[in-house]
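The values are calculated or read from the model by the stated rules, or taken from the named source; none is laboratory data. Because the structure is a prediction, the values reported are computed rather than measured. For neighbour counting, all protein chains shown are included, and Cβ atoms are generated from backbone atoms with ideal geometry for every residue, glycine included.
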Amino acid sequence: MKKLRTRFKLWLSSKDAEGVFGDGKWRLLKNIDTEGSLKAASHSLRISYRKAWGDLKKAQQCLNVPLVEKQRGGIQGGRTALTEQGKKWVNAYTRFRSDIEKAVDKAYEKHIKELVK
């Protein structure tokens, strides 16, 4: 058997909404920060602009914080940037996800590793 590794998807939900924030929105925000635009970020993640914008709107609405600020086009095109709250969410979720990943790896070592030869 080939070496196994742990994989998981993580997201936060509320009583009123599923998937408020998770791996997908985290990656989207990180790509917006790198690319400087929602269009470029959605393209690099291979998701539609419409889905990306819908995901952002949902997260902002449910979290009640602005995660990005947009400037419409012009001669040099538009841009999208993370707000301070958006940066805080990316940083906090990065640390949170890292802690969860370590816990999952530890549980794998404890319960599964000895079964895989």
Checklist entry - Quick one: which of 33, 105 is out of contact with any Pro (no Cβ under 9 Å at 6 or more places or on another chain), touching a residue at least 24 places away in the same chain (Cβ under 8 Å), surrounded by 15 or more Cβ atoms within 10 Å (Cβ to Cβ) and not hydroxyl-bearing (Ser, Thr, Tyr)? => result 33
Item to check | Those residues of region 22-55 which are closer than 30 Å to residue 106 by Cα and touching a Ser or Thr at 6+ places or on another chain (Cβ under 9 Å), in sequence order | outcome: 22, 26, 28, 30, 31
Next on the checklist: Within region 40-57, does at least one residue satisfy the condition of being in contact with an Asp or Glu (Cβ under 7 Å, 6 or more places away or on another chain) and under 30 Å from residue 5 (Cβ atoms)?
Outcome noted: yes
Checklist outcome for this item: Within region 1-55, restricting to residues that are among the basic types (Lys, Arg) and more than 15 Å from the chain's Cα centre (by Cα), the one that is modelled with the highest pLDDT is 50
Checklist outcome for this item: The condition from (1) in a helix (DSSP H, G or I); (2) touching a Ser or Thr at 6+ places or on another chain (Cβ under 9 Å); (3) surrounded by 13 or more Cβ atoms within 10 Å (Cβ to Cβ) that residue 93 misses is numbered (2)
Checklist entry - Among the residues of region 1-56, which ones are part of a loop (DSSP other than H, G, I, E, B), more than 21 Å from residue 102 (Cα to Cα) and either acidic (Asp, Glu) or in contact with a strand residue (DSSP E or B) (Cβ under 9 Å, 6 or more places away or on another chain) (or both)? => result 13, 16, 18, 19, 20, 36, 37
Checklist outcome for this item: In region 1-18, residues that are out of contact with any Gly (no Cβ under 8 Å at 6 or more places or on another chain), closer than 20 Å to residue 95 by Cβ and surrounded by 11 or more Cβ atoms within 10 Å (Cβ to Cβ) total 1
Checklist entry - Has region 58-77 got at least one residue that is assigned to a helix (DSSP H, G or I), loosely packed, with under 11 Cβ neighbours inside 10 Å and out of contact with any Lys or Arg (no Cβ under 8 Å at 6 or more places or on another chain)? => result no
